[in-house]
Amino acid sequence: MGEAIVITSGKGGVGKTTTSANIGTALALQGKKVCLVDTDIGLRNLDVVMGLENRIIYDLVDVVEGRCKIHQALVKDKRFEDLLYLLPAAQTVDKSAVTPEQMHKLINELKQDYDYIVIDCPAGIEQGFQNAIAGADRAIVVTTPEVSAVRDADRIIGLLEKANTIESPKLVINRIRNHMMKTGDMLDVDEITTHLSIELIGIVADDEEVIKASNHGEPIALNPNSKASIAYRNIARRILGESIPLQPLEDKNKSVFGKIKQFFGVR
Amino acid sequence: MKKRQNVTIKGTKDGIVLHLDDSCSYYELKKELDEKLSENQRTQAERQSTPVKVDVGNRYLNDAQREEIKDLIRQKKNLVVGEIESNVVTKAEVDKLKAENEVVTVSRIIRSGQVLEVPGDLLLIGDVNPGGTVIAGGNIFIMGSLKGIAHAGVFGNDQAVITASSMQPSQLRISDCLNRAPDNAQNNDKREMECAYIDENHQIIVDRLQVLIQLRPNLNRFEGGH
């Protein structure tokens, strides 16, 4: 019996889909059998980020309405040996095409065959959100170090706590710009964590490579050299229950002088 | 044996006190009250109006009956009805009274979009985040930080206060007064252990917690102690 994890944020554009794609990929890299579920019906794009758009035949609404079997709608990711699948959202209808009960049933069915179900939640708190959290056991709230994103995350956490079928949500802080945090122009990690008072499960630096990779349909987590990739892999390992310290945010490419200082152990 | 009087009239410094017997029927009582007041009227000189207090003992009067008694007395000249006192209250009234005087303890974080409302005093162990609201009929005591909206004395109690360990509210409301944070709040000084109350100019003032000891002595509920 697997576990369903919903990735949500409230606010749009903070990186829910990217986070879903990368956590799913990273979990598959750890050898887990993963199914990604896109619940953003009408505005799907998890398939684009995963580079699986061309292979979609059936979608989530087809499954729910009985036009096909679940396994017919699942799109297999060829980069993995039978570990990573995607259940795409429908694009021609809207969020009201599915009810929370139907979603709950669907996720429960998927849980029989997969270790982890990663549910990509749409922005907002309306039916799309209610659908996405219906079958979830755990929740990850994504936010960026902006006041508006943190405010919405707070609202979402409140709603998740009210739906007490889900264990206490975990926090991912995305798009961190270290230099802005240092100068105090951005909320810092501690500030956000104490404000939201939920457990931090990962921080991801703002990295242009992420955008590049998304546009190519290859989740950044596949690239072992990127900082963001390591961050996502760490999140996946923390989901699996390992205890891994947070990555330092400092830039690697220090000046020559900095390297010399480091060599002599001067801080 | 002489018939027992159902209505006794007593004169005091502050006016007339009417003692209404609680063992007779309401109908009898009304009749006798009417008679008594009518005969009484003749003896009284037409002077300034006299305040009347009514004591109904162990009789429960519903709202309609109260009005009836009041009307009856008002019809007579010079009499002004003050209050009707009864030893009896209904369970509903007591529950309401109790709720309004109770301190409700809540241990959670009031997040954006959430509203917590209590009839009496609120003791919140946790924070009020921006966009969250706490409302209380009485006082509000917040052990964490207040960053959202707090409304104390919502039924019109001007004496209500708001206290917080960290006071950074977006809005403070007490009774019908409202106070909001300045638009360009750049002061990063810690606002710790503070309270808000309504002063004599009907303005909300935020000050050190300790000023309440002088300003609101009625916050004390504990008698004695050495």
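The values are calculated or read from the model by the stated rules, or taken from the named source; none is laboratory data. Being a predicted model, the structure only gives us computed values, none of them experimental. Virtual Cβ from ideal backbone geometry, glycine too; neighbours counted across all protein chains shown.
The listed residues are A:8, A:25, and the only one of them that is farther than 17 Å from residue A:132 by Cβ and surrounded by 24 or more Cβ atoms within 10 Å (Cβ to Cβ) turns out to be A:25.
The set of residues in the range B:109-140 being of a type outside the set (Gly, Ala, Ser) and within 19 Å of the chain's Cα centre (by Cα) consists of B:117, B:118, B:119, B:121, B:122, B:135, B:139, B:140. Residues considered: A:160, A:222. Of these, the only one that is hydrophobic (A, V, I, L, M, F, W, C), touching a residue at least 12 places away in the same chain (Cβ under 8 Å) and over 15 Å from residue A:19 (Cα atoms) is A:160.
Within the range A:199-214, residues that are more than 18 Å from residue A:7 (Cβ to Cβ) and without any contact (Cβ under 8 Å) to a residue 60 or more places away in the chain reach partners that are assigned to a loop (DSSP other than H, G, I, E, B) and among the hydrophobic types (A, V, I, L, M, F, W, C) with beta carbons closer than 7 Å, at six or more positions or on different chains, in the pairs A:205/A:249. The C-beta contact set for the range A:66-90 (first residue on the phi > 0 side of the Ramachandran plot, second residue part of a strand (DSSP E or B), distance under 8 angstrom, 6+ apart or interchain) comprises A:82/A:76. The lone criterion from (1) under 16 Å from residue A:11 (Cα atoms); (2) among the β-branched types (Val, Ile, Thr); (3) more than 14 Å from chain B (Cβ to nearest Cβ) left unmet by residue A:211 is number (1). Of the residues contained in the range A:94-102, one or more are found to be surrounded by fewer than 21 Cβ atoms within 10 Å (Cβ to Cβ) and hydroxyl-bearing (Ser, Thr, Tyr). Only one of the numbered conditions (1) in contact (Cβ under 8 Å) with a residue 40 or more places away in the chain; (2) more than 14 Å from chain A (Cβ to nearest Cβ); (3) surrounded by fewer than 19 Cβ atoms within 10 Å (Cβ to Cβ) is not met by residue B:170, and that is (2).
Restricting the range B:171-192 to residues that are modelled with pLDDT of 90 or more and part of a strand (DSSP E or B), which is nearest to residue B:131 (Cα to Cα)?
Of everything passing the filter in the range B:171-192, B:171 is nearest to residue B:131 (Cα to Cα).
Each residue in the range B:108-149 was checked for being in a strand (DSSP E or B), closer than 19 Å to residue B:98 by Cα and of a type in the set (S, T, N, Q), and 0 of them qualify. Applying the condition of being surrounded by fewer than 20 Cβ atoms within 10 Å (Cβ to Cβ) and hydroxyl-bearing (Ser, Thr, Tyr) to the range A:117-174 and asking which residue is nearest to residue A:189 (Cα to Cα) yields A:148. Quick check on the range B:101-133: of everything there that is farther than 14 Å from residue B:145 by Cα and acidic (Asp, Glu), which residue is surrounded by the most Cβ atoms within 10 Å (Cβ to Cβ)? Restricting to residues being farther than 14 Å from residue B:145 by Cα and acidic (Asp, Glu), the top hit is B:121.
Within the range B:73-100, how many residues are out of contact with any Pro (no Cβ under 7 Å at 6 or more places or on another chain), assigned to a helix (DSSP H, G or I) and surrounded by fewer than 16 Cβ atoms within 10 Å (Cβ to Cβ)? Of the residues in that region, 10 qualify. Which residues, counting only those in the range A:147-169, are in a loop (DSSP other than H, G, I, E, B) and either among the polar types (S, T, N, Q) or away from every other protein chain (no Cβ under 13 Å) (or both)? Scanning the range A:147-169 gives A:163, A:164, A:165, A:166, A:167, A:168. Against the numbered list (1) touching a Phe, Trp or Tyr at 6+ places or on another chain (Cβ under 7 Å); (2) within 19 Å of residue A:113 (Cβ to Cβ); (3) of a type in the set (S, T, N, Q), residue A:22 comes up short only at (2). Considering the range B:87-123, and only residues there that are within 14 Å of chain A (Cβ to nearest Cβ) and of a type in the set (A, V, I, L, M, F, W, C), the residue that is nearest to residue B:159 (Cα to Cα) turns out to be B:116. Return yes or no: is residue A:19 in contact (Cβ under 8 Å) with a residue 60 or more places away in the chain and within 20 Å of residue A:175 (Cβ to Cβ)? So residue A:19 fits the description; yes.
Restricting to the range A:170-199, and then to whatever is assigned to a loop (DSSP other than H, G, I, E, B) and closer than 25 Å to residue A:139 by Cβ, can you tell me which residue is nearest to the other protein chains (Cβ to nearest Cβ)?
By that ranking, first place goes to A:197.
All conditions in (1) in contact (Cβ under 8 Å) with a residue 40 or more places away in the chain; (2) of a type in the set (A, V, I, L, M); (3) within 14 Å of another protein chain (Cβ to nearest Cβ) hold for residue B:72, with the sole exception of (3).
For the criterion of being among the aliphatic types (A, V, I, L, M), within 13 Å of the chain's Cα centre (by Cα) and part of a strand (DSSP E or B), residue A:5 passes.
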